[in-house]
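Everything below concerns the one structure shown next.
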Amino acid sequence: MYNAFFGFSQSPFNMSPDPSFLFRSPQHEEALANLIYGVQSRKGFIVLTGEVGTGKTTMLECLRDFLNAQQIAFASLFNSRLTVEQFFELLAYDLDLRCNRLSKTEVLLSLNSVLLDRAAAGRTTVLIVDEAHNLDWDVLEEIRLLGNLENRRGKLLQIVLAGQQELDEKLERPEYRQLKQRIALRCALRGFDLQETAAYINARMAGVGVPNQPYIQRPILQELQIRSKGIPRIINAICDNLLLTCFAMETRTATLDMLDEVTADMRLEWEEEPRVAVNGGFGQANGTKVPSTNANL
Ligand SMILES: Nc1ncnc2c1ncn2[C@@H]1O[C@H](COP(=O)(O)OP(=O)(O)OP(=O)(O)O)[C@@H](O)[C@H]1O
Ligand SMILES: [Mg+2]
């Protein structure tokens, strides 16, 4: 809607996990390097966790691009609210196993022989599970057992589990200790700091034709980082709404009033900044700040 007004070739802040918009922050770079290294060196289990909206699915999309480019076979499960039977059916479907996909025994036999053949030919096979925090114990247990398949040279199936922080918490529980012990690599994503937030916003606009964007300036960026907690999905939503407000008001510069309106409309809640001592007293904190809870996005 506002693209022509700001000179964008396409929308800079859309919500899809599109690798072509990838901003290589150090933590995203490290997470992706871990995923690729873990898969290539047949480490077995790799776990990626992070707060809602920090870029886990985007990382998995990048990994899938890499696997496709390297012609590495993979199964990819997005819907983790699965029964054991559904899990094996989807696995067989994704890996194109020639067997009765409704029979767990047949899927396992077929999977084992396909994995052995692939490993003998020097080929890697990967299972990617997004939203893994939703997996029931019995499905996670089946995944753990799949992780046990190995030949002399290493694991036959590389397993990437990505999920929200509940996954980390789950893995701390006694009933998951066997799985926890098998995790070879773990990485986590958090919100961006101010520098990263500014660089992220600049990179997204540069990607659609506006380098060194002049629309959202430093003081607003600072507030935006606090209110979004540096979470990319929330940053996208705020920036999109800010630009829309600018467009409606026929101005190319976002203001604090606009940010207040946008974050109020989004029902965002953020942590109060620590008050700074001024002349023996305390300076007043700005804005509508309340104790932090999860932003409802
Ligand atoms: N490094 C990044 N570069 C570019 N965009 C990013 C990056 N990280 C996150 N985003 C953007 O933030 C939004 C949320 O990302 P994504 O869906 O990958 O998060 P998530 O961690 O999988 O969230 P959820 O916990 O809800 O599954 C997307 O619009 C995505 O494009
Ligand atoms: Mg996701």
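The values are calculated or read from the model by the stated rules, or taken from the named source; none is laboratory data. Quick caveat: nothing in here was measured; it's all calculated off a predicted structure. In this analysis, Cβ positions are derived from the backbone assuming ideal geometry, glycine residues included, and neighbour counts consider all displayed protein chains. Surface areas here come from the heavy atoms of the whole protein model, side chains and all, with no ligands, DNA or RNA. Shrake-Rupley method; radii C 1.70, N 1.55, O 1.52, S 1.80 Å.
Some values worked out for this structure:
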| item | result |
| --- | --- |
| Which of M266, M15, M205 is most accessible, then next, and so on - probe 1.4 Å | M15, M266, M205 |
| Partner lysines for K43 [C-alpha distance under 20 Å; skip if fewer than 8 residues away on the same chain] | K56, K155, K180 |
| Check: the chain dipole with +1 on Lys, Arg Cβ and -1 on Asp, Glu Cβ, in debye | 1100 |
| Highest-MSF residue in the chain out of Q164, Q70, Q40 [GNM, Cα springs under 10 Å] | Q70 |
| Qualifying trypsin sites (Lys or Arg not before Pro) in the stretch 132-165, DSSP loop, other Cβ atoms within 10 Å at most 12 | R152, R153 |
| Heavy-atom surface of the stretch 86-220, accessible at 1.4 Å and reported per residue (Å²) | 49 |
| Centroid-to-centroid separation of the stretch 9-73 and the stretch 150-213 [C-alpha atoms, Å] | 8 |
| Candidates G163, G209, G122, ranked by Gaussian network fluctuation over the chain, Cα under 10 Å, top entry | G122 |
| Area projected by the alpha carbon convex hull of the chain, averaged over all directions, nm² | 18.9 |
